[in-house]
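Notes follow the structure.
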Amino acid sequence: MKKKIIIGSVLFIGLSMVSILIWKNQNQSIVNQTVNGSAIVSVSVPNELSVLAQRGEGIFLAKCASCHGINAAGKTEIAPPLVHKIYEPSHHGNESFQRAVAMGVRAHHWPFGNMPKVAGVTRAEVSTIITYVRELQRANGID
């Protein structure tokens with residue numbers, strides 16, 4: 001009888017410790033996600049980008065990543081991720097990206113405020129950015 005109590009106690013303590021560790025890690029993850037400027041989503045990058053998407057990536061890094069983050073993962077408190085179901089082609093077509101860059105856009109899906117227009121980016125450059133974002137989206141199951 002004593003053996004069963006001891007084994008049960010050891011198992012209970014062990015499971016309690018594991019539960020506490022899992023709880024701490026989950027809460028730390030939540031804290032990490034709320035630091036200003038940290039990535040909002042995790043993005044899987046394809047092994048290879050098309051040549052056009054590679055050009056788009058360079059322009060994205062120069063003109064967009066300061067707000068929308070590396071690999072379009074968004075930044076907490078700053079701007080949304082573009083690798084997100086909200087921006088799938090059937091909801092936000094390519095022209096919506098063109099218009100957002102050219103004219104800015106009023107906030108309507110996210111609490112980040114309005115997006116200002118982006119000066120010094122041509123329609124052709126935005127097209128390469130769109131190619132880059134769409135390839136990232138496809139690699140993350142967003143079609």
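Every number in this text was worked out from the coordinates using simple rules, so none of it is lab data. The structure displayed is predicted, hence computed values, not measured ones. Using ideal geometry, Cβ is built from the backbone for each residue, glycine included, and neighbour counts are taken over all protein chains shown.
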Checked against (1) touching a Ser or Thr at 6+ places or on another chain (Cβ under 8 Å); (2) polar (S, T, N, Q); (3) buried (at least 16 other Cβ atoms within 10 Å of the Cβ); (4) over 14 Å from Ser44 (Cα atoms), Asn94 satisfies every condition except (3)
A careful count of residues in segment 58-98 that are more than 19 Å from Gly141 (Cα to Cα), part of a helix (DSSP H, G or I) and touching a helix residue (DSSP H, G or I) at 6+ places or on another chain (Cβ under 7 Å) gives 4
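Being of a type in the set (Gly, Ala, Ser) and touching a residue at least 24 places away in the same chain (Cβ under 8 Å) is the filter here, so list the residues in segment 103-135 that pass it.
Keep residues of segment 103-135 that are of a type in the set (Gly, Ala, Ser), which gives 104, 107, 113, 119-120, 124, 127.
Listed by number, the residues that qualify are Gly120, Ser127.
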Considering segment 46-81, residues that are of a type in the set (A, V, I, L, M) and crowded, with 16+ Cβ neighbours inside 10 Å, and then whichever is farthest from Trp110 (Cα to Cα), we arrive at Leu49
Here the qualifying pairs (Cβ atoms under 9 Å; residues six or more apart or on different chains; first in segment 71-98 and in contact (Cβ under 8 Å) with a residue 60 or more places away in the chain; second small (Gly, Ala, Ser) and crowded, with 16+ Cβ neighbours inside 10 Å) come out as Asn71/Ala39; Asn71/Ala65; Ala72/Ala65
Inside segment 97-119, the number of residues satisfying the requirement of being exposed (fewer than 12 other Cβ atoms within 10 Å of the Cβ) and of a type in the set (Gly, Ala, Ser) is 3
Within segment 120-143, restricting to residues that are under 15 Å from Ser50 (Cα atoms) and hydrophobic (A, V, I, L, M, F, W, C), the one that is surrounded by the fewest Cβ atoms within 10 Å (Cβ to Cβ) is Ala139
